[in-house]
Amino acid sequence: MTTDCQSFVESYLDWLRERITTEEIDGTCEITTPFLDRHNDRLQIYVQRRGGQLRITDDGYIIGDLESCGCVLDTPHRRQMLQTVLNGFGVREEDGELVVEGPERDFPKKKHSLLQAMLTVNDMFMIARPRVSHLFLEDVGCFLDDHEVRYTPSVEFTGRSGFLHKYDFVIPRSQTMPERILRAINRPSRDTAQVMIFSWNDTKETRPRDSTAYAILNDSEREPSSDVLGAFSQYDIETLRWSDREDYIDNLTA
């Protein structure tokens, strides 16, 4: 069995050797690995000599790719999540790059740690949908805070049916605006629209007559369909597209 185990290891190493390519670019070694990102592109890392140390980096690819898809790591919670992952692999973030450094003898371990960190950060923020949903909710809260909107987070109302319905934010009535009840929807779809429509229809008769419901729609990854937008409109639910959020500041702060 020992011989079989060793052959498994050798087979894996052969697979790595066959699929790793290198190229020198202005004194930097570019290494293309067989490991794939969420686009099914092969991950690349870059190695530079600095004194007696090697500096290995992703050249900002992972964080840059997340940001280009609307997942910006610009809140305390996101930064903490990122730092926790990187600390686990001994990797640091430097101006958007994922970086490790060490002597040449430690190159295999450092390279392996960086690749694991790259894959983990990519998966953590873009594949775990419940986590992304939470992050969008946090973005909405930060937006309200930045513009000094008065609100109560995570409020439950009892509807006519007796069911409890949870809303993400409630902005109280003012002299010029009615009560505004907000729900953040990360992935607008027929299902999520139906859930909010039912909630609002069941809730609105227990709220002041002029209370207004807002569906805050994350359109960073895809445009909400006309069916979804039409359904909200038909049931008197205001839609606030995340890309247009600055246009609603006056409505929310009044």
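For the reader, a short list of remarks on this structure follows.
- Some residue of the range 174-190 being within 19 Å of residue 141 (Cα to Cα), loosely packed, with under 14 Cβ neighbours inside 10 Å and of a type in the set (Asp, Glu): no
- Checking each residue in the range 12-49 for being surrounded by fewer than 14 Cβ atoms within 10 Å (Cβ to Cβ) and in contact with an Asp or Glu (Cβ under 7 Å, 6 or more places away or on another chain) picks out 22, 23.
- Output for the range 225-245, where each listed residue is within 18 Å of residue 143 (Cβ to Cβ) and either in contact (Cβ under 8 Å) with a residue 24 or more places away in the chain or among the hydroxyl-bearing types (Ser, Thr, Tyr) (or both): 238, 239, 240, 241, 242, 243, 245
One line per residue, one yes/no per condition, for (1) at pLDDT 80 or above; (2) over 18 Å from residue 97 (Cα atoms); (3) basic (Lys, Arg):
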residue	(1), (2), (3)
7	no, yes, no
12	no, yes, no
19	yes, yes, yes
23	yes, yes, no
31	yes, no, no
40	yes, yes, no
44	yes, no, no
47	yes, no, no
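- Criterion: surrounded by 13 or more Cβ atoms within 10 Å (Cβ to Cβ), within 25 Å of the chain's Cα centre (by Cα) and β-branched (Val, Ile, Thr) - qualifying residue of 216, 237: 216
- Residues satisfying the stated conditions in the range 189-235, i.e. within 24 Å of residue 174 (Cα to Cα), among the β-branched types (Val, Ile, Thr) and not in a strand (DSSP E or B): 203, 206
- Neighbours by Cβ (under 7 Å, 6+ apart or cross-chain): first from the range 198-215, within 13 Å of residue 155 (Cβ to Cβ); second surrounded by 20 or more Cβ atoms within 10 Å (Cβ to Cβ): 199/165; 203/165; 211/181; 211/204; 213/181; 213/200; 213/237
- Within the set 120, 84, 57, the sole residue that is of a type outside the set (Lys, Arg) and farther than 30 Å from residue 217 by Cα turns out to be 57.
- Candidates in the range 151-194 are the residues that are in contact (Cβ under 8 Å) with a residue 60 or more places away in the chain and out of contact with any Ser or Thr (no Cβ under 6 Å at 6 or more places or on another chain); of these, the one that is nearest to residue 207 (Cα to Cα) is 171.
- Test result for residue 78, assigned to a strand (DSSP E or B), in contact (Cβ under 8 Å) with a residue 24 or more places away in the chain and charged (D, E, K, R): no
The values are calculated or read from the model by the stated rules, or taken from the named source; none is laboratory data. Quick caveat: nothing in here was measured; it's all calculated off a predicted structure. No Cβ is skipped: glycine too gets one built from the backbone with ideal geometry, and neighbour counts run over all protein chains shown.
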